[in-house]
1. Restricting the search to region 242-269, which residues are in a helix (DSSP H, G or I), in contact (Cβ under 8 Å) with a residue 40 or more places away in the chain and within 19 Å of residue 194 (Cα to Cα)?
2. Just give me the residues in region 587-601 being within 16 Å of the ligand (Cβ to nearest atom) and outside any loop (DSSP other than H, G, I, E, B), in sequence order.
3. Does residue 547 meet the test of being part of a loop (DSSP other than H, G, I, E, B), in contact with a strand residue (DSSP E or B) (Cβ under 7 Å, 6 or more places away or on another chain) and closer than 25 Å to residue 141 by Cα?
4. Do we have residue 388 as closer than 16 Å to residue 337 by Cβ, touching a helix residue (DSSP H, G or I) at 6+ places or on another chain (Cβ under 9 Å) and crowded, with 23+ Cβ neighbours inside 10 Å here?
5. Just name the residue that is farthest from residue 12 (Cα to Cα) out of those in region 50-73 that are surrounded by 21 or more Cβ atoms within 10 Å (Cβ to Cβ) and more than 14 Å from the ligand (Cβ to nearest atom).
6. Name the residues in region 425-468 that are in contact with a helix residue (DSSP H, G or I) (Cβ under 7 Å, 6 or more places away or on another chain) and under 30 Å from residue 89 (Cβ atoms), would you?
7. Would you mind stating whether residue 18 is part of a strand (DSSP E or B) and either over 24 Å from residue 454 (Cβ atoms) or within 11 Å of the ligand (Cβ to nearest atom) (or both)?
8. Looking at residue 693, is it within 25 Å of residue 174 (Cα to Cα) and not in a helix (DSSP H, G or I)?
Ligand code: SF4
């Protein structure tokens, strides 16, 4: 790397949960050079196409530069005064549960902490939820049921030390590309076997040893069959099972299930079970194909059951590994950004935990029950129960299921505030108050990636116009609402120290998330902080969890759960004969607010499309590249047909990125019904039913 007037600064990529380190060199004119950080443990210098194109996305195009009230530019004083007044008045008239925050895995941990503290500790409601509900909520529920806490047991290194890696509902090659590169490098070096379990043949299947194209939503039945095979094959770890409860019930449920619903042949299932059983070092990676399901939590527990029954957890090269979508989905979970959690993995329903957090915050009011989860929060905005809503760094008018209804609900809400880097999203257009937020490269804080590594994001560019960091905006609203010194922060380092101190209290309750070893960082230490895997506490530092058989339920034991296959909620019928799967493409991110600015990224797949099997295309009279109308009971989209046998007959696939701004009729989540997993509240985004016809 050549030298330059400006030094390089270590930061973290703002896209997926791999959490790659980047080195940023500003050019002094608002631009940047970006390269992979060879010292970061997540990527060791690698970047994928999205990370490599970051420099193309930091210009002023589309940026929101000043606060706006009802479309009129104004100053911070008027905008924040209005926000604080309207929230305070609404709470005074209708109670704390009449307001809500809908936040994002794009927030830095310090921003998230302040939003959570303001809502749960001072407003006194748990009506704060996050777009991580669409991403990881089923994993959180599955982890908590099995382990007692939302703990990721393993690390990325396990992928490289495994002899078998099973990828379930994960197009790792496109959605977590650097992790996939690490897996492929390990495979080359040690001959790792790779099995992909996915209804669709994706780029991840290229070169895999097996692709099990199971019927959508049938993962529980497959892993139940595996549990039976492990039992019948004598592959259980009986010593490890003494650290668990529930095995007999889980096995009974597994015996009662029918692997025939997977649509896989007996030979395929047997081959998979033999491979799993015969390999000690197995890592099961799972992602949105597991989570985004009306039985997502049960899918997670079906996977965890197999790892717990064989003791293949928390040891080098062994264990379940959920890979998160967003850069700080994990940080949001840790900080209590979900409506059913408290900060630092403490439980909202536990009175002792509530009192501990209340006392620490010196909070006037703490909710005793979970708040509204994402789908219910927007329903409540639509029917008038939520009267003031603050949406931060996310675009639910596009990304929520039943997106047309969500768009209408936001429009119907009496008072809506949107903080974002742009005012040009479908959601921002509906706001009463628009607040310009600082973006990636312009703000300081931390994020946590999928293997519990906390990394710094660092500011190297000036925030344009009036844009400010989210923690500052939230804290000022807290002060203006009358909560005074509790929101009197000068720097994100101060917030981080408070958060790390609180985690020490969580540690005293025997919780997993303890970073109290970082509570005394000076501003300079925080500034120089290297990537650090939690826990960071006197008792424990980094590494893996559970290999020693010690779990976080009160009795110290893990739980195996009895789970049974449940078909997706929406049923195909003559009117809606196709099952619609949704997902990402390699070079776009979320609703394209940032990646859409890069011509290079947009060249990969330039427009929204529908993958359809050749037999189905023929039967519908659809030719390659035709425009097709896709209709569900909830909405409609117009897409370009891509005829491919990557999808099975009766199934179609469409990406979820395009918005009303980029392609008016391609808002895919408008087609998705607002059906959720009953345990996690996560929507079923991959199993809608649709009709497809030539446009
Ligand atoms: Fe960024 Fe994820 Fe790509 Fe890494 S793999 S560069 S974190 S998008």
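The values are calculated or read from the model by the stated rules, or taken from the named source; none is laboratory data. The shown structure was predicted, so the numbers you read here are calculated from the model rather than taken from an experiment. Cβ: placed from backbone, ideal geometry, glycine included. Neighbour counts: every protein chain shown.
1. The answer is 268, 269.
2. Initially, region 587-601 is screened for residues within 16 Å of the ligand (Cβ to nearest atom), giving 587-598, 600-601.
Residues satisfying the conditions are 595, 596, 597, 600, 601.
3. Working: part of a loop (DSSP other than H, G, I, E, B): yes; in contact with a strand residue (DSSP E or B) (Cβ under 7 Å, 6 or more places away or on another chain): yes; closer than 25 Å to residue 141 by Cα: yes.
When the stated conditions are applied, residue 547 passes them.
4. Details: closer than 16 Å to residue 337 by Cβ: no; touching a helix residue (DSSP H, G or I) at 6+ places or on another chain (Cβ under 9 Å): yes; crowded, with 23+ Cβ neighbours inside 10 Å: yes.
For residue 388, the condition - closer than 16 Å to residue 337 by Cβ, touching a helix residue (DSSP H, G or I) at 6+ places or on another chain (Cβ under 9 Å) and crowded, with 23+ Cβ neighbours inside 10 Å - is not met.
5. Ranking the qualifying residues of region 50-73, first place goes to 67.
6. Answer for region 425-468, where residues must be in contact with a helix residue (DSSP H, G or I) (Cβ under 7 Å, 6 or more places away or on another chain) and under 30 Å from residue 89 (Cβ atoms): 426, 427, 430, 433, 434, 435, 437, 466.
7. On the way: part of a strand (DSSP E or B): no; either over 24 Å from residue 454 (Cβ atoms) or within 11 Å of the ligand (Cβ to nearest atom) (or both): yes.
Considered against the rule, which asks whether it is part of a strand (DSSP E or B) and either over 24 Å from residue 454 (Cβ atoms) or within 11 Å of the ligand (Cβ to nearest atom) (or both), residue 18 comes out as no.
8. No; evaluated as a whole, the condition is false for this residue.
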